[in-house]
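Have a look at the structure below, then the notes.
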Amino acid sequence: MTPALIDAGLGRKEEAIREGRRAAELTPVAKDAVNGAHIMQFLGIIYAWTGEKDLAIEQIASTLQVPSLLSYDQLCLHPFSDPLRGDPRFEKLVEEAKEPVALK
């Protein structure tokens with residue numbers, strides 16, 4: 001996943017998205033709950049950094065539906081989220097992330 005994040009940071013959009021999607025295909029949450037959730041989160045970051053706000057918000061929403069390290073604090077404070085700040089859909093996800101997660 002690191003090469004995909006690097007490519008995103010360097011503005012290599014197509015490479016970053018391709019690599020991030022490939023990582024998600026290789027490590028789905030169903031196969032690896034911990035690493036799969038991390039990859040879901042980082043794919044959202046890749047989308048945000050490459051200007052794909054719609055995909056980023058969809059990915060973040062999906063990530064918030066599985067046990068992961070993505071939290072209200074990260075959404076509010078981490079610079080990874082900066083490209084999404086001010087988007088009402090992102091702000092709604094942030095508000096929803098405040099609520100405790102019900103364990104099943």
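The values are calculated or read from the model by the stated rules, or taken from the named source; none is laboratory data. Model, not experiment: these values are computed from the prediction. Ideal geometry is used to build each Cβ from the backbone, glycine not excepted, and the neighbour counts take in all protein chains shown. Just the protein is used for accessible areas: all its heavy atoms, side chains included, with ligands, DNA and RNA removed. Shrake-Rupley method; radii C 1.70, N 1.55, O 1.52, S 1.80 Å.
Please report the base-10 log of the normalised intensity I(q)/I(0) for the chain, using a Debye sum with one equal scatterer per alpha carbon and no solvent, at each q in 0.11 (1/Å).
These q points yield log10 I(q)/I(0) values of -0.30.
How much accessible area per residue does the range 1-97 have, in Å², with a 1.4 Å probe?
56
With each pseudo-label sitting 7 Å past Cα toward Cβ, what's the K92-D54 distance in nm, one decimal?
Label at K92, label at D54, 1.5 nm between them.
If each of E14 and N35 carries a label point 7 Å out from its Cα toward its Cβ, how far apart are those two points in nm?
2.9
When the convex hull of the C-alpha atoms of the range 43-104 is computed, what volume per residue in Å³ does it have?
Roughly 74 Å³ of hull volume per residue.
With runs of 4+ DSSP H residues as the only contributors, calculate the mean residue ellipticity of the chain at 222 nm using -39,500 (n - 2.57) per run, divided by the residue total and rounded to the nearest 500.
Per the formula, -19000 deg cm²/dmol.
Multiply the residue gap between L26 and Y72 by 0.36 nm, knock off their C-alpha separation, and tell me the result in nm, one decimal place.
Taking 0.36 nm per residue and subtracting the Cα distance, the gain is 13.8 nm.
When the Cα centres of the range 1-19 and the range 53-104 are compared, how far apart do they sit, in Å?
21
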